[in-house]
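Let me begin by presenting the structure, written as structure tokens, before commenting on it.
None of the figures in this text is laboratory data; all of them are computed from the coordinates on show. What you are looking at is a predicted structure, and each value in this text was computed from that prediction instead of being measured. Note that each Cβ is placed from the backbone with ideal geometry, even for glycine, and that neighbours are counted across all protein chains shown.
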Amino acid sequence: MNEEHPLPSTTPTPPPLNPTPPPLNPSQYVPIPKNPNIRDLFEILLRRPAQLAGHQVCEEKPTLLRFGLIALLSILVFGFVLGTFAYEDQLWAAPVKMGGGMLFAGIICFPSLYIFSILAGSNASAARMGGLLSGMLAMAGLLLMGFAPALWIFAQGTSSFGFMGGLALLSWLVALIFAFRFLRVALRETGATQNAPLTIWCVIFLLVTLQLSTSLRPILGTSDKFLNTEKKFFLEHWSDTMDKSLKPKEKK
């Protein structure tokens, strides 16, 4: 008597729609040195900003100073490139104004950052927030330095204040987007649970830097004075200079 046996199913099981990604290869994890130098911080900021944001090394004084040095040198390079738009005294005046303006903005905005970080639920100390702020500025500076060669090409090919100023502003906004993201990740690592306080602070910092770019004018053009003492809102200044160009004798 022949017994009938059911044939095994040959229909393959479909894969899950959202397969779980394989675990990270431990060999790909690179630990952060206990005392990272400037080169280490440069690499980590660009390659592993999230890992750096949650690391204790951010609240150490040597790291804060190195972050500040990276930010300052980067913004000086960016300012020098902007100075080549008009040459003459702007080759040194523009970098000084850009570097001094960024340092001043960081100092006057630090107290509000610490307060808003507490409101967001962060348990970071003042020392750690200082390190994170300097790291944020270093991140923005590195991106600006990356934009510098492209801006130099346009600085040599145009005399329009509106066009050149728009490129510089766009570069600053893009750099701040990544810098703010670094700061947001860092606050999350320190226990922050709310985004609104940090968003408000980011808007404040952006407005402060935009107003400083007007208060420290001229940065692109030339002037007999190092600083223009006339008080003017940055939107008013932009509207006044949008359609202006360097005079032939100013463009070297």
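So how far apart, in nm, are the two label points at residue 112 and residue 69 if each is 7 Å from Cα heading toward Cβ?
Here the modelled spin labels are 3.1 nm apart.
Can you count the Lys pairs in the chain with C-alpha separation below 25 Å, eight or more apart or on different chains?
Qualifying lysine pairs in the chain: 19.
Using the basic label-point model (7 angstrom from Cα toward the beta carbon), what is the residue 174 to residue 39 distance in nanometres?
Going from the residue 174 label point to the residue 39 one covers 2.8 nm.
Binned at 5 Å from 0, what are the whole-percent values of the Cα-Cα distance distribution for region 36-241, short to long?
1, 8, 16, 20, 19, 15, 10, 7, 4, 1, 0
Treating the beta-carbon of each Lys and Arg as +1 and of each Asp and Glu as -1, no other charges, what is the dipole magnitude of region 36-241 about its Cα centre, to the nearest 20 debye?
On the way: 14 positive and 11 negative charges, 89 e Å.
Here region 36-241 has a charge dipole of around 420 debye.
Which residue, 216, 227, 73, has the most motion in a Gaussian network model of the chain that connects Cα atoms within less than 10 Å?
The residue with the greatest mean-square fluctuation here is 227.
Helix-only mean residue ellipticity at 222 nm, the chain, DSSP H runs n ≥ 4 weighted -39,500 (n - 2.57), per residue, nearest 500. What is it? Walk me through the intermediate numbers first.
On the way: 8 runs with 157 residues, N = 252.
Taken over the chain, the calculation gives -21500 deg cm²/dmol.
Each label point is 7 Å from the Cα along the Cα-to-Cβ direction; what then is the distance between the points at residue 196 and residue 84, in nm?
Calculated label separation equals 4.7 nm.
Quick one: Cα centre-to-centre distance for region 197-240 and region 36-106, in angstrom?
Taking the Cα centre of region 36-106 as reference, the centre of region 197-240 is 20 Å away.
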